[in-house]
Amino acid sequence: MKITPLCIPDVLRIEPRTFGDDRGFFYESFHQAYFDEAVGRKVSFVQDNHSKSVHSVLRGLHYQIKQPQGKLVRVVAGSVFDVAVDLRRSSSTFGQWVGEILSAQNKAQLWVPEGFAHGFVVLSDSAEFVYKTTDYYAPEYERSILWSDPKIAIDWPSNIIPILSAKDEKGTSFASADVFS
C-alpha cells in the first residue's frame, strides 16, 4: 500500500497494491493497522455509504459541525474529481483545498479527516462512490459550503457544468460558514 500526504498533509492519498492477471485483479481495500499507522492514531469507522451519480453531478461541499466525520473515500465504478477543504481555524492550511482524481481504474482512495468539507464531481458517464465514516450521519449538524465560493477558489474541471441538489445550490459562503476551532 502506498500512502502519500497531499499538499494539506492530513489528507492522504492511498493506493493499494493490485495483483492482476488475465482472470481479473485482487487488492486489499482496507487494512486497519496500516491505516492507523498512516494517520498516526486509532480510527474507528461506524458507517459505510455508497452513492451512484451521473456525469456532471457535483455533491458538496459537505461537513458536520458536530459529530464531524472523517471519510475514507473511493470510486468503484467510473471516475470523479474529489475535493477536501480545511475548515480547522487553527490549521496552517485553513481555507485551502486539495483535489484528486479517484477512479475505478486507479483504485486510489482519499482520507479526509474530521474538520474538512468534502465534495466531488463526476467525470465519467456515471460513478459509484463508496466511503467509510468515523461518525454517524446527523442531518441536524450537516452544513454545506457553496461549491463555487470564490474565497476557496476550487479549480473544478472546466468542461463540467455541475448538476446540483437544491441543498447544494443554497450552500453558504466560506466567510459565513461554521468552522472548527
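None of the figures in this text is laboratory data; all of them are computed from the coordinates on show. Predicted, not measured: the structure shown is a model, and the values here were computed from it. Note that we place each Cβ from the backbone using ideal geometry, even for glycine, and neighbour counts take in every protein chain shown.
Table for the structure above
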item	result
The chain - mean residue ellipticity at 222 nm from DSSP helices (-39,500 (n - 2.57) per run, n ≥ 4, rounded to 500)	-1500 deg cm²/dmol
Between the stretch 138-181 and the stretch 59-77, the alpha-carbon center distance in angstrom	13 Å
Close Lys-Lys pairs in the stretch 45-169, where close means Cα under 29 Å and separation is 8 or more or interchain	16
Chymotrypsin sites (Phe, Trp or Tyr not before Pro) lying in DSSP loop within the stretch 75-181, provided at most 11 other Cβ fall within 10 Å	Y136
Cα-derived Rg to Rh of the stretch 45-169, Kirkwood definition	0.93
Modelled FRET efficiency - R0 41 Å, K2 with E140, Cβ distances, 0.05 increments	0.60
Neighbour-limited loop hits for trypsin sites (Lys or Arg not before Pro), the stretch 35-124 (at most 14 other Cβ within 10 Å; DSSP other than H, G, I, E, B)	R41, K42, K66, R89
